[in-house]
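Enquirer: There's a structure below that I have some questions on.
The values are calculated or read from the model by the stated rules, or taken from the named source; none is laboratory data. Source: prediction; values computed, not measured. Reconstructed Cβ throughout: ideal geometry from the backbone, glycine too, with neighbour counts over all protein chains shown. The protein model used for the area step is the full one, side chains on, heavy atoms only, and it has no ligands, DNA or RNA in it. Shrake-Rupley method; radii C 1.70, N 1.55, O 1.52, S 1.80 Å.
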Amino acid sequence: MARPEKIRLGDMLIQQGLLTQPQLMDSLAEQKATGRKLGRIIVDSGLVTEDAISKALARQLQAEFVDLKSFTPNADLVKLLPEAQARRFRAMVLSEKAGKLIVGFADPTDLMVFDEVSRILKRDIDLAVVTESHLLTAIDRLYRKTAEITALSKELTQDLNDMPVELGDILGLSAGAEDAPVVKLLQTVFEEAIRSRASDIHIEPLEKSLRIRFRIDGVLHVQTEADIKIASALTLRLKLMSGLDISEKRLPQDGRFVVKLRNPVDVRISTMPTQYGESTVMRLLNQGTGLLSLDKLNMPARILERVRHTIHRPSGIMLVTGPTGSGKTTTLYAALNDLNSPEKKIITVEDPVEYRLPGLNQVQVHEKIDLTFSRVLRTALRQDPDIVLVGEMRDQETAEIGMRAAMTGHLVLSTLHTNDALTTPIRLLDMGVPRYMVALSVNLVLAQRLVRVICENCAEPHALEPHEREWLRYELHDHIDEHKYLKGRGCPQCGNSGYTGRTGVYEMLEMTNEVVEATNQGDPNAFIEAGRAQMAGNTLRRDAVRLVLSGRTTVDEAMRISSTID
């Protein structure tokens, strides 16, 4: 195909019946006022979809439209166009045909971009049309830095083997630190972790190798395995970055630092001595990630209504429970987002501060200088707050201070590590909190888990396995075959996992008069009976089945999270 012709997008959309003249005039007026691209204005206004515009351009140019949701580009050919240019020009090499490279362009009307890509590739190219959003997703997926991480780890190994090289140069302690091998390796690891939506990075020394793994959507994936010789250099550099004691290798240490990528990323680091060296785990808290609202958390309507009612009460405690990584802090901040206003003073006491929310007074706990949860909480209550968030009720003292606050006119939000909602009040009693405090201060307990969501692009009908059918029988009884079940086949869009992202599963215990009375009786069996009656079977398991029946997740995934609560 020859160089594409110049096209007036608006006129083309009118010719193909996708846009009216008044709609075009309004869009052109907005373009003149804002300077934004006309196509983006039309899509954002909901006038024409991105796919429809791309297909219209392909018809006009008599070019191929490539749907990158289902098409897998040739990974070797993709790299012919460097990532920086692919992002800048919104273009990607897709395949090769008859000696020509097939290149997908998000904006095939930009002749300067076509010419520049041709110059860089130094090959004859044929134009294809792709949608911009799918192109950017494909760039994130295909320009993975696994090979670069492996190459940098080998480079670091070689430098460590070369005796004349100064250790300070390797670790980046001297001028030009960004060029030090270990700095380049770690920077690449962090970039790939953020690109992959990883929540944690695990650097683990094994007997003969160093393994680097990312936790993505709650599941660990091996990123690379490197020479064990570089383990100490990586750990030493990370300790220096987080202000830890580099001479201490026998005891666990915790710290934090900030990595500057596209958005600042707060990193919480934990080191632990193991048989073959120090294991390092880093939790990534991306400050560029927007806060969710309560409406976006996928709570059942009944639970959402009661949570909203509870957080708008003037006093009492709402507890969110679940294991580490179950989204408790996200839920609490969604509640704070709903409550935040100039009329209310909100203080948070956290370790670490995971989100930044304007208008809040956020305090970072620092155990080394005795800035503990209980100490900060006592001080916070003298600051005349309306609402207090306590990151975690870790001990009896913190729990009692929080409950006294709730009994004296403050709304308190906090978390607790328990398996379900029903055992949470019992856990507080086991911690030594007086029974009357639990009965009078706790308003609502919300237990939650996170399940992976089926990839919409490759979802297909799924025939139930015998063990899945048996598990569903508990909730559905003889109505199992009345429903359809889905599973992700695996595609380029989801990295062949069948899942994209996660969503919440919830259950709620409300401290009604009957439950409070059972709490005061001191009989655990009476309390459990009253609690079960109040919950009316609306458990984490039932909510997981709700997601299965709605096609959001698989039976296998629902079984995985419910196995921790059965």
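Enquirer: Which one, T157, T109, V259, is farthest towards the positive end of the dipole of the chain when Lys and Arg carry +1 and Asp and Glu -1 on their Cβ?
Expert: The residue sitting farthest along the positive end of the dipole is T109.
Enquirer: OK, next. For the chain, what does the helix formula give at 222 nm: sum of -39500 (n - 2.57) over DSSP H segments with n ≥ 4, over the residue count, nearest 500 deg cm²/dmol?
Expert: Only helices count here, giving -12000 deg cm²/dmol.
Enquirer: Over region 242-294, what is the mean sequence separation of C-alpha contacts under 8 Å (at least six apart), divided by residue count, expressed as relative contact order in percent?
Expert: Reported as a whole number, the value is 28 percent.
Enquirer: Just in region 360-434: which GluC sites (Glu not before Pro) are loop by DSSP and have at most 10 other Cβ atoms within 10 Å?
Expert: none
Enquirer: Which order do K122, K37, K100 take when ranked by solvent-accessible area (1.4 Å probe, heavy atoms of all protein chains), largest first? Walk me through the numbers on the way to the answer.
Expert: On the way: K122 170, K37 135, K100 65 Å².
Greatest to least solvent exposure: K122, K37, K100.
Enquirer: Figure the gain on full extension for K154 and D430 (residue separation times 0.36 nm, minus the Cα-Cα span) and round it to one decimal in nm.
Expert: Computed gain between K154 and D430 is 94.2 nm.
Enquirer: What is the distance, in nm, between label points placed 7 Å from the Cα along the Cα-to-Cβ direction at R378 and at T324?
Expert: Here the answer is 2.9 nm between the modelled labels.
Enquirer: Taking R0 as 41 Å, what's the FRET efficiency between L220 and Q15 from their Cβ-Cβ distance, rounded to 0.05?
Expert: Values: r = 52 Å, r/R0 = 1.27.
Given R0 = 41 Å and the Cβ-Cβ separation, E is 0.20.
Enquirer: Related question: Measuring from centroid to centroid over Cα atoms, what is the spacing of region 345-364 and region 258-272 in Å?
Expert: Computed from Cα coordinates, the inter-centre distance equals 18 Å.
Enquirer: So how do 412-421, 527-536, 480-489 stack up, highest first, on mean other-Cβ count within 10 Å?
Expert: Order by mean packing, descending: 412-421, 527-536, 480-489.
Enquirer: Now a separate question. Report the full-extension gain for the segment K97 to S550: residue separation times 0.36 nm, less the Cα-Cα distance, to one decimal in nm.
Expert: Answer, rounded to one decimal: 158.8 nm.
Enquirer: Please list the helices of the chain that count as membrane-span-like by this rule: a mean Kyte-Doolittle hydropathy of at least 0.5 together with Cα atoms stretching 18 Å or more along the helix axis, each helix being a complete DSSP H run. Please report the intermediate quantities before stating the final value.
Expert: On the way: long enough: 21-34 (20 Å, -0.81); 146-161 (23 Å, -0.30); 181-195 (21 Å, 0.54).
Flagged H segments are 181-195.
Enquirer: If you roll a 1.4 angstrom probe over the protein chains with everything in place, what fraction of the accessible area of the chain belongs to carbon and sulfur, to the nearest %?
Expert: Answer for the chain is 49 percent, counting heavy atoms of protein chains only.
Enquirer: How many Å² of accessible area per residue for the chain, probe 1.4 Å? Kindly include the intermediate steps, with their values, before the conclusion.
Expert: Details: 27100 Å² over 566 residues.
That works out to 48 Å² per residue.
Enquirer: Starting from the 7 Å offset along Cα-to-Cβ, what nm value, one decimal, do you get for the label separation of L28 and E514?
Expert: Spacing of the two 7 Å Cα→Cβ label points: 6.8 nm.
Enquirer: Using label points projected 7 Å from each Cα along Cα→Cβ, tell me how many nm separate L476 and A463, to one decimal.
Expert: 1.6
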